1. Return His228, His160, His303 ranked ascending by Cβ neighbour count within 10 Å, so the fewest neighbours appear first.
2. With springs connecting C-alpha atoms under 10 Å apart, model the chain as a Gaussian network and identify which of Pro95, Pro114, Pro304 has the largest mean-square fluctuation.
3. Compute from the Cα atoms of the chain the Rg and the Dmax, the latter being the longest Cα-Cα distance, and quote both in angstrom.
4. For segment 104-254, what ratio Rg/Rh do Cα atoms give with a Kirkwood hydrodynamic radius?
5. Which entries of Lys72/Lys176; Lys152/Lys221; Lys58/Lys123; Lys51/Lys176 show an alpha-carbon separation above 21 angstrom in the structure shown?
6. Which far-off residues, 5 or more places away or on another chain, put their amide H under 5 Å from the one on Leu32, with H placed in the peptide plane?
7. Could you pull out every residue, at least 5 positions away or on a different chain, whose amide H is within less than 5 Å of the one on Ile271? Hs are placed 1.01 Å off N in the peptide plane, and Pro or chain starts have none.
8. What percent antiparallel are the DSSP beta bridges of the chain, to the nearest 5?
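Throughout, read-outs are computed from the coordinates displayed, never taken from laboratory work. Since the model is a prediction, treat every value here as computed from it, not as a measurement. Here the Cβ positions follow ideal geometry from the backbone for every residue, glycine too, while neighbour counts run over all protein chains shown.
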Amino acid sequence: MNGKIYALIALLLCCAMLCGCQEKPKAEEPNLVLGFSQLGSESSFRIGNTKDIEDKAKEYGVSLMMDNANQKQENQINAIRRFIAYRVDVIAFSPIVEEGWDNVLTEAKQAGIPVILVDRTIKTEDESLYVSQIGADFYREGVMAAEYLMKKADEMGRDHLRIVEITGTENSTPMKQRHDGFWDTVAGDERMELLESVNGDFLRSRGAECMRYLLEKYGEKIDVIFSHNDEMTMGALPQIEQEGFAPGKDMLLISIDGGQEAIDVLKAGKINCIVECTPMLGSLLMETAQAVKEGQRVDRVIHPVERAFCDADDLSALPPRGY
Ligand code: GYE
């Protein structure tokens, strides 16, 4: 009898031990694994965009694989291939240029991994290669810049304004659409004359080089500088001052992005208008990626709300820009 009792006790003890040895419950699985290819770190906008995506991934409990391509499309393509191999749930990226993505996005499609475009967009015949594009209406930004200038010309009573343009990265969505939005809007305004358009690649150093070239070639003939981003504007400003011109007065400056550094210069009267292009796209990205993973329908194009900051505005109560 005793033997049976001991055997029963031993059996019960073994069961208890086995229960106690069960694997610990897995750490809570992330609800989403997101691979993001960022194009680089060329501007305050880009750095702010990266930080916002990283911050919002933490906030939304998203497991984020962030890759910085350092301004090279091939690095973005390689990163997307790594995300496919890793079998992330969703791939997102900010395409540095519009062309050349069909092959790698077809690979993502064949792997059954949905793709979201962030900030910029791509040109493709196959609309199924991405599910949504989250980013600014760059054409509208160009329109807003032009509308400011036409209103300013009225206020100044000018009948002729000679404009130089410093553009962003060749063949990128913001460069093409800001250019078109601006020049389509002033097309009917005979006061507006384009002297020359030069490529500054969204970089501060290139903005300085472009401005030096334009000042050497046109000097005081320049009435307006339309710069596609604040980084290039900040590069151009010292060049203008070194030539003895007062930026914001002798030469009007119109810029795009709206980071803190440029807003402070606008408040100091050296930039006349900054069209906002917010990098704070992280929440929209996380919500869209989660909806896509859950098989929900999402909007094909998602534009954040944006405004312009101009020299006539009272910006004293403007909250910190965060980028
Ligand atoms: O204006 C510029 C950045 O793609 C809208 O890229 C973005 C642009 C932005 O380099 O600062």
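1. So the residues, fewest neighbours to most, are His160, His303, His228.
2. Pro304
3. Cα-based Rg and Dmax for the chain come out at 26.3, 114 Å.
4. 1.08
5. With Cα atoms farther than 21 Å apart: Lys58/Lys123; Lys51/Lys176.
6. Ser63
7. Leu266
8. 5
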